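See below for the structure under consideration.
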Amino acid sequence: MTSVTAHEYAWIRSSPLFRYALETGYTLTLVRGVAPKEVLQVMQAEPHGTCTGADALIERQDELGDPMDYWDESFIAGAFTVPGERGDWTLILHVGDGGMGMQSQFLEALSNGGCAVVHSSNGGKPMHFFHWYEDGELRTTFEWPTARDGSTPDALNAMMREVGFALSDNEGETSERVDTKAAGFALAERLTGVRVTEELLRGAEYQLGLVPEEPAEEWTGIVIAITGAHGERLYKEVTRDEGASPKTG
């Protein structure tokens, strides 16, 4: 298993590609044992041909976007095969998507009998996420390394410390300041054996798929809370049919 730390990923701070990814949002997913074409099928993506390099992938995303449609959450995903720990992995990258990330049902399906590792940022005001799925189960997930969740939130603690994360406020006060985004890259490599470099992302042949936005859930009713004159709380449930009915009288 690789002994990489955050220092090996210092390049992300001098990379124009990654600077753009942080500004606009990105998601990078690694899935073991599932071919790129199958990954895109699980993501319910419409095939969109191929392209060479992350710059071309970003151009395809830019062509997709309508600057007047702020609500369109569809995006172009690019996938290619890369060797790693215990066999081949598929790397899936999408940039300029606001960091919406992979839907949990996709990751559960893709990691069934295998593994999926994801890190992402939402762009703008940065929110950075890390997810580790094993055998269809979300094992460890966090935005901040000090607040972990999942079925085994502490399973990666030793590895996280080794790559540079501080897992408590006390550790953060006494340890060397580490780039947590670089540490996230390093943690992904520890779990997958895949070394991500700018050269890898810029030189890969991507299979492309248009991932449609997730349909919004249709609402059936709302509950209105009202505070009475004497402080009592009153609740009134209004169904969709009632809300849509014209007032009379």
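What to note about this one:
- Residues that are among the β-branched types (Val, Ile, Thr) and open to solvent by less than 10 Å² (accessible area, probe 1.4 Å), drawn from the range 28-58: THR29, VAL31, VAL39
- Candidates ALA6, ALA21, filtered to the one that is of a type outside the set (S, T, N, Q) and either under 20 Å from GLU85 (Cβ atoms) or surrounded by fewer than 22 Cβ atoms within 10 Å (Cβ to Cβ) (or both): ALA6
- Among residues of the range 36-65 that are in contact (Cβ under 8 Å) with a residue 12 or more places away in the chain, those with a Cβ under 6 angstrom from a residue that is assigned to a helix (DSSP H, G or I) and basic (Lys, Arg), sequence gap 6+ or separate chain, pair up as GLY53/ARG202; ALA54/ARG202.
- If you go through the range 128-152 and keep only what is open to solvent by 40 Å² or more (accessible area, probe 1.4 Å) and not hydroxyl-bearing (Ser, Thr, Tyr), you end up with HIS128, PHE129, HIS131, ASP135, GLU137, LEU138, ARG139, GLU143, TRP144, ALA147, ARG148, ASP149.
- Of residues in the range 65-81 being under 16 Å from LEU208 (Cα atoms) and part of a loop (DSSP other than H, G, I, E, B), the one modelled with the lowest pLDDT: GLY65
- Selection over the range 101-122 of residues that are over 23 Å from GLU85 (Cβ atoms), touching a residue at least 60 places away in the same chain (Cβ under 8 Å) and open to solvent by 10 Å² or more (accessible area, probe 1.4 Å) gives a count of 2.
The values are calculated or read from the model by the stated rules, or taken from the named source; none is laboratory data. Note that this is a predicted model, so its numbers are computed, not measured. For neighbour counting, all protein chains shown are included, and Cβ atoms are generated from backbone atoms with ideal geometry for every residue, glycine included. Quick note on the areas: whole protein, heavy atoms, side chains included, nothing else; ligands and nucleic acids left out. Shrake-Rupley method; radii C 1.70, N 1.55, O 1.52, S 1.80 Å.
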